[in-house]
Each structure stands twice: as structure tokens, then as C-alpha cells.
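The values are calculated or read from the model by the stated rules, or taken from the named source; none is laboratory data. Given the structure is predicted, the values throughout are model-derived calculations rather than measurements. For neighbour counting, all protein chains shown are included, and Cβ atoms are generated from backbone atoms with ideal geometry for every residue, glycine included. Accessible surface is based on the protein model in full, side chains and every heavy atom, while ligands, DNA and RNA are left aside. Shrake-Rupley method; radii C 1.70, N 1.55, O 1.52, S 1.80 Å.
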Amino acid sequence: MSRLSRLAVIASLILASCSPGGSATAEPPVQSGPDSGRREVALFAGGCFWSVEANFERIPGVVSAVSGFAGGRVANPTYDEVVSGGTGHLEAVQVTFDPARITYRQLVDRFWRTIDPTDPDGQFCDQGAVYATAVFATAAQRPVAEASRAAAVAIIGERRFVTPIRDVARFWPAEAYHQDFARLNPVRYGGYNRFCGREARLRAVWG
């Protein structure tokens with residue numbers, strides 16, 4: 001392979017964005033500790049759902065994390081419809097967890113540290129309304145989510161912290177090729193993640 005060809009391959013990996021790609025097979029994430037059999041659901045919008053899903057799947061006590069859409073006005077939207085801006089949805093991830101192993105408060109606390117809550121226009125290299133951030137909370141979850149947000153605001157500052165707590169909304173799963181993208185496409189996701197500068201920005205925001 002010529003030097004020019006190698007550069008072209010590297011560039012294609014680096015310029016990968018939060019959009020469809022190929023897939024491969026991989027083992028599901030391993031979790032430790034006994035499963036109580038209890039299940040609760042949390043809903044988060046944190047920019048590109050590939051990253052949000054990957055962050056939550058690694059947490060012991062999380063049973064599943066599903067990429068999809070929430071907060072819009074169109075039933076059963078497709079990815080293309082959402083990213084075109086015509087449905088009002090945010091990219092979101094539905095997290096099913098065992099509350100005996102991890103609490104809702106712990107999940108929300110974790111969520112803040114995986115996003116830049118000071119950006120009103122998206123996340124990292126994914127900019128636009130569909131990539132805005134939010135915690136979608138039920139009536140029972142809202143006091144817990146608000147307390148978690150207040151603790152995070154105390155670190156960041158009220159004027160800078162723009163991620164809201166929103167009322168829970170209908171969640172629509174995204175197409176199959178978006179599910180488990182980081183696990184099934186590690187090379188492409190790694191290039192996307194580096195290109196977006198996620199880690200550097202999170203360090204700048206949170207220290």
C-alpha cells in the first residue's frame with residue numbers, strides 16, 4: 001500500500017461520524033455480581049447515541065442500553081428523518097438497570113461526567129438540535145435527577161450548565177445497525193471518538 005493510500009485509509013477512519021456503518025460480531029459486555037431480577041428504566045440524551053450507549057453498557061448493574069430517539073413529535077421515526085431535523089427528536093439511549101446493583105442517582109451522576117453540559121448546540125463534533133443533551137425523567141425520578149443536577153451545577157456553575165431535566169418522553173429504538181456500534185465497530189468508533197476530541201473536552205470541563 002502506498003503512503004498516499006495509507007493516509008487515505010487513516011483519514012476515512014478519523015472522519016467517521018455518528019452515522020451508519022458496517023458491523024461485526026462480538027460478545028456481550030460481562031457484568032459482575034448477582035442479578036436481583038428487578039428492572040428499572042432510565043432515559044438519557046447525550047449527543048451521539050453510540051457514545052452514550054457505550055458508556056452505560058460498561059457499568060455493572062446495567063442490563064441493557066438501547067440507542068434511539070426521544071422527545072419528538074413523530075411516531076416511529078427513522079434515523080434519516082431525525083437527523084434531517086424534521087421530527088424534533090433527540091438521539092437518546094434507554095438504559096435498563098437492576099436497582100439492587102446500581103441506583104438511578106448513580107446513573108444520573110455518571111451521565112453528567114460523560115457529556116459536556118455547557119454546550120447548548122450539541123456534543124463535541126456532533127452539532128445540531130438532534131444532539132442536544134437532556135435527562136428524561138418520570139415524575140418519581142425527577143426529584144432524584146434534579147438533586148443530581150444541582151450537585152453537578154455546583155461544580156460547573158449555574159450560568160454555564162445548560163442540560164435540562166425534561167419530562168419523560170416516548171422512546172423509539174433506532175435501526176439495528178446503530179445498536180452496540182462501539183462494540184461491534186471498534187476501529188471506526190475509535191477513529192470517530194479521537195476525531196471528536198471527547199476525552200480532552202471532558203477533562204477541560206470536569207477536571
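The trypsin sites (Lys or Arg not before Pro) of the range 72-142 meeting both criteria, a DSSP state outside H, G, I, E and B (loop) and at most 15 other C-beta atoms within 10 angstrom of the site's C-beta, are Arg73, Arg113.
Over the chain, with the other protein chains present, what is the accessible area per residue in square angstrom, probe 1.4 angstrom? List each step's numbers first, then the result.
Working: 10130 Å² over 207 residues.
In whole numbers, the chain has 49 Å² accessible per residue.
At a Förster distance of 22 Å, what's the computed FRET efficiency of Glu146 paired with Arg170, Cβ-Cβ distance as r, to 0.05? Before the final figure, lay out each step's value.
On the way: r = 22 Å, r/R0 = 0.99.
Using R0 = 22 Å, I get an efficiency of 0.50.
Take the Cβ atoms of Val187 and Ala129, set R0 to 22 Å, and the FRET efficiency comes out at 0.15.
What does the charge dipole of the range 81-207 about its Cα centre add up to, to the nearest 20 debye, if the Cβ of each Lys and Arg holds +1 and the Cβ of each Asp and Glu holds -1? Before the final figure, lay out the partial values.
Values: 16 positive and 14 negative charges, 85 e Å.
Computed about the Cα centre, the dipole is about 420 debye.
Taking 0.36 nm per residue of separation and subtracting the current Cα-Cα distance, fully stretching the chain between Thr138 and Val153 would add 3.3 nm.
Once the other residues with Cβ under 15 Å from the Cβ of Gln141 are scored (Lys, Arg +1; Asp, Glu -1), what is the net sum?
Values: positive: Arg39, Arg105, Arg110, Arg142, Arg149, Arg166; negative: Glu40, Asp109, Glu146, Asp167.
Local charge sum for Gln141: +2.
Using the alpha-carbon atoms, what tilt in degrees (0 to 90, nearest 10) does helix 142-156 show relative to the longest principal axis of the chain? Its long axis makes an angle of about 60 degrees. With a cut-off of 15 Å between beta carbons, the residues surrounding Gly85 carry a summed charge of -4, where Lys and Arg count +1 and Asp and Glu -1. Rounded to the nearest 500, the 222 nm mean residue ellipticity of the chain from helices alone is -10000 deg cm²/dmol, with -39,500 (n - 2.57) taken per DSSP H run of at least 4 residues.
Under 5 Å from the amide H of Val63 lie the amide H atoms of Thr96, Phe97, Asp98, each residue being 5 or more positions distant or on a separate chain, with H modelled from the backbone and absent for Pro and chain starts. Once each part is reduced to its C-alpha centroid, what is the distance from the range 37-106 to the range 151-186 in angstrom? The distance from the Cα centre of the range 37-106 to that of the range 151-186 comes to 7 Å. A simple spin-label model places pseudo-atoms 7 Å from Cα toward Cβ; at Arg105 and Glu81 they are separated by 3.9 nm.
Over the chain, with every protein chain in place, what whole percent of the accessible area is carbon and sulfur at 1.4 Å, could you tell me? If you can, show how the numbers build up before the last one.
Working: 5710 of 10130 Å².
Heavy-atom surface of the chain belonging to carbon and sulfur, 1.4 Å probe: 56 percent.
Volume of the convex hull of the chain (Cα atoms only), normalised per residue: 139 Å³.
Summary: within the chain, the longest segment free of GluC sites (Glu not before Pro) located in DSSP loops with at most 15 other C-beta atoms within 10 Å is 1-157.
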